[in-house]
Each structure stands twice: as C-alpha cells, then as structure tokens.
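Report on one structure; see the data block that follows.
The values are calculated or read from the model by the stated rules, or taken from the named source; none is laboratory data. What you see is a predicted model, and the numbers here were worked out from it, not measured in a lab. Virtual Cβ from ideal backbone geometry, glycine too; neighbours counted across all protein chains shown. Areas reflect the complete protein model, heavy atoms only, side chains present, ligands, DNA and RNA absent. Shrake-Rupley method; radii C 1.70, N 1.55, O 1.52, S 1.80 Å.
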Amino acid sequence: MPKNSKVVKRELDDEVIESVKDLLSNEDSPEDAFKKSELIVDVREEKDTDVEEESEVEDERPAWNSKLQYILAQVGFSVGLGNVWRFPYLCQKNGGGAYLLPYLILLLVIGIPLFFLELSVGQRIRRGSIGVWNYISPKLGGIGFASCVVCYFVALYYNVIIGWTLFYFSQSFQQPLPWDQCPLVKNASHAFIEPECEKSSATTYYWYREALNISSSISESGGLNWKMTVCLLAAWVMVCLAMIKGIQSSGKIMYFSSLFPYVVLICFLIRALLLNGSVDGIRHMFTPKLEIMLEPKVWREAATQVFFALGLGFGGVIAFSSYNKRDNNCHFDAVLVSFINFFTSVLATLVVFAVLGFKANVVNEKCIAQNSEMVIKFLKTGNISQDIIPHHINLSAVTAEDYRLVYDIIQKVKEEEFPVLHLNSCQIEDELNKAVQGTGLAFIAFTEAMTHFPASPFWSVMFFLMLVNLGLGSMFGTIEGIITPIVDTFKVRKEILTVICCLLAFCIGLIFVQRSGNYFVTMFDDYSATLPLLILVILENIAVSFVYGIDKWGKSRDTK
C-alpha cells in the first residue's frame, strides 16, 4: 500500500472516533433516558385518559337540540311570576322611574357577573350543582346539597301559586266573570248583597272567600280546600310530565311556555293603551321621585330583586348550562338572558301600570259620582249655599276638573265644618299610590280591572294562561336544579326520581291547600329562600375565587 494511502486512512479513523465521542457526549445516561421515556409515556397516558373521560361525558350527557332552545330555557327559568307582580310593586313603591336606575346599575355590577359565574361552572364541569362544587373541592359539596334543599322548598309553595292560577283560569270561561259582582244572600223575605263583600270589593271577596276559603288564623287549619287540592295535583302532573324525560321533553315545551307570555303582554299593552286613564298610570310609573332613590332601602330591594330575578343560587342555571358544549359562548348568554329579563320586567310594569291607571279612573269616576250626590244633598238641606257653586258646573254630570274646583271651594268656605261633611277629594294619584304586591296584584287588582274590559272573559283567560306559562317555565328550572345534581351524583334513573320528587312534593304541599294554606305560602315566601340563597351565592364566589382560584379558572376556560 502506498505511503500516502496510510495517512489518509489514519485521518479518516480519527474523524470517525471524534464524531462518535461527540454523539456519546450528547446522549443521556441509560437511567436518564428511561426516566424521560417513562415521563413521556405517563403524560401521553394522562392526556389520553383525560380525552377519553371528556369524550365519554360528551357522549353520555344529553345536549340541547339547539342554542335557541337553551336560551329559551334560561329565559323561562329567570322570567317568572316575580317579573309580573313583584317588579311593578317595587317600582311603584321605590320612586317610580327612579327605581329603574339603581336596578340597572346593580344588574350590571352584581347580577350579570354572578349569572356568568353559574353559567360557566355548569358548562365547564358539565355536572349539576352537587357535582360542580364536589369537583372544585369535596369539602364544598354541601353547597350543592343546600341548593337542592332550597330549590325544593321554593318548588313546594311556587307550584301552589300555579294551582291558584289554574283555578282562576278554569273559572274565566264565564260571562260575566264570577268575581264581577258581589253575591246575593237570600232569606225568607228578601235578598241583599253580602255585607262583607259590600265593605271590600267583589274581587277581594271572591279571592278570600270563594277561591281560598281562608280561615281566620294559621292555627285554624279548617281542613283541605278540595278545589285547590285538585288544582295543585293538576299543576304537579303537568310539571312531572314535562320533566320526566329531562331536557328532551321540557326543552320542546319551552318554545311555547317561554314565548307565549310575550305575545300576551304585548296584546295586553296594546289593549290597555286604548283604555281611558292608561296614560295616567304610565305617567305615574315614569314620574321619578329622586329623593327616594337616595335611601339605602331602595338599593337593598333592587339588589334583592336582581338576585331573585335571575334565579341565582337555585342550581337551575348550573343544571341547564351543564347540557351545553364546553366551547359555548357563555359570556354572550349571560348578557343576553339578563337583559331579556330586565326588558321583560319593564314591559310587564308598563302593562300593569296602564291597567292600574284604567282601574284608578273607573274608581275615581265612581268616587266623583258618589261625592257629587252628597254635595247635591247638602245643597238641598241648606248645609252648603248654592251661591258658592260656579254657575257653569252641572253636578249631575260633573267632570273630574269641575269636581276638584267645587271640592276646593267648599273646603275653603266651610273650613271649620268641612271634616263633618266627609267629602273625598277623589284624586287618581291617591288610587295609584295604593301599593299592591304579590298575589294581591294578580288575583285582586288585575282581576278587578279586567271586569271592566270589553270581552272580559277572553282577557281573563289570556292573562291567567300567561301566568301559568310563566310559572311553569320557572318550575322547570327549579326542578331541574333538584333532579340533575342527584342523577349525576347517585346515578339513579331520571324518570323514577322525577315521579318520586313530584309525588312527595304534592303530599307535602297539602299543607298549602288547607283553608289556612295562604298563611304558610306567605311564611315560606318570606323565610325559606331569602337568607339561604344569599349565603349560597357568597359561598359560590368564595369557592371559585379562593378555593379553585381565578387564574386557574381563567386558564381552564381559555384552553377549552
């Protein structure tokens, strides 16, 4: 072999040895390589199991047929009877149009963030209220159980109100309406108007004596009111049939139960605006009393109404959102549902004040007629001189402005003797300032106004059918807040649990359909949910903010 070839071979061998040394220096030790491979396998296995678990949950859990169905379910749950009778009452009581400003501010500051919190936890974890808080921390599982208990307490008496509404709905197919006139009492010689009814009103008498047949106190049960017992049974049967298949059955009903009330409210608003005096009612609503807005009580009641209007703490919002996909835009849902709820309250308040304005004008006309007759009698007996009455005023057909003029003149001339005359000023504002809330607004004030409507049975049927739909929409969310967490936690059949839940609730609810039942409804409404729900929502905030962590929650949402 030539000399130069040996040199080339030695150089090539040196290069190979150096390249091998470089490669070995970059390699890990066998132990380190094993650890790295083990870590990679573990991570892959962990990711695979997470994906498998999430995909299994996605496959097994029912889902909404469409986004519209889900939004209608949330709207149906949040928009309830409180929007029709509690919000108008609070608006009337707390400064009219001035109340809307504190309510809107607190809706933006408190309502929407808390509503978004419940939407996001349900959608992210895809479980009911028990499973959600167990997932965050096993020590916080009691929040979910407490939420179910509060839901059940509310469902017990809330469905009784739906039963009352069903009774009035069934009685509305009559002409004239049964609460239109006071009943006559007949004896051997003649017939006369029921004295108790004559002292109050026909609608008040019908509500307390015919519908509730109420006892004198809570300690006097008086036995079951069989008419209301049948209506309560019908209400629970409707809820059970709608909820027995979960969102597959209740979701389809939402199209009617959530949209129909808006049709009725718009029809009522158009009809009420055509009635005499409706503008007076709306003007009274939007006349702000700014001095009242500075009182802390107004802000407290506005915050309470925001809290209850959105259904926070009940678990229904979490239950409904748990059937969503994880990538659903719940930011948009929270804002949309909250503002739909607000505008529904304003729409219902417009309708209520328009109708109450019409009712106030009817009552005012009767007042003017009665007091004008009294003035005519005083003129005949000489208690009032004819000379003080302006010549252009005809007391037989006097207008509201002319009567007010006569009243002011008599008050000045007969200043000392005026209290003895017992004349009434007959002002519409006095009638509109009479605050009527809750059942009194729906079953007394509104029913009395509808007796003066043309075709009053038709409007009565529509009104109470609307209340039934509003009540059922809220009941679906309330029962879902009970059923979904229990099914997720204990893996029981939803159909069997729904039947047992409704049957047990009906049996317990019999205490509300006694003759003393109205007292129990008032007691449960005042004490069963107010403080417990407040505590629950505070604990929910603590759980997400401090136990789970805001940063961790935000990252977990961003990765989905």
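Model label sites at T522 and S425, defined 7 Å from Cα along the beta-carbon direction, differ in position by 2.9 nm.
Solvent-accessible area of K252, all protein chains in place: 120 Å² (probe radius 1.4 Å, heavy atoms, ligands and nucleic acids excluded).
The mean accessible area for residues of segment 168-252, using a 1.4 Å probe and ignoring ligands and nucleic acids, is 55 Å² per residue. Counting only protein heavy atoms and a 1.4 Å probe, segment 429-495 has 32 square angstrom of accessible area per residue.
Here Rg/Rh (Cα atoms, Kirkwood Rh) was calculated from the structure, and among (i) 1.23; (ii) 0.97; (iii) 0.94 it sits at label (i). On the protein heavy atoms, probe 1.4 angstrom, tell me the percent of accessible surface of segment 206-338 carried by carbon and sulfur. Using a 1.4 Å probe with all protein chains present, segment 206-338 comes out at 70 percent carbon and sulfur. A 1.4 Å probe run over segment 339-388, with the rest of the protein chains in place, finds 43 Å² accessible per residue. Modelled spin-label separation between K377 and K93, with each label point placed 7 Å from Cα along the Cα-to-Cβ direction: 3.8 nm.
Hydrophobic, long helices, defined as DSSP H runs whose alpha-carbon span along the helix axis is 27 Å or greater and whose mean Kyte-Doolittle value is at least 0.5, occur in the chain at 141-171, 247-273, 330-381, 456-490. Here the extension length gained between S221 and N433 equals 72.9 nm, from 0.36 nm per residue of separation less the Cα-Cα distance. For H190, the solvent-accessible surface computed with a 1.4 Å probe is close to 100 Å², ligands and nucleic acids excluded.
Ignoring the sites themselves, the chain has its longest run without GluC sites (Glu not before Pro) in a DSSP loop having at most 15 other Cβ atoms within 10 Å at 221-414. Cross-link pairs exceeding 30 Å in C-alpha to C-alpha distance, out of K139/K297; K139/K325; K325/K491; K93/K199; K325/K494; K199/K227, comprise K139/K297. In this label model, H391 and K199 are separated by 4.8 nm, measuring between points 7 Å along each Cα→Cβ vector.
For trypsin sites (Lys or Arg not before Pro), the sites in segment 388-494 that DSSP calls loop and that have at most 15 other Cβ atoms within 10 Å are K434, K491, R493.
Taking every protein chain into account, the 1.4 Å probe leaves S221 with about 50 Å² of accessible area, to the nearest ten.
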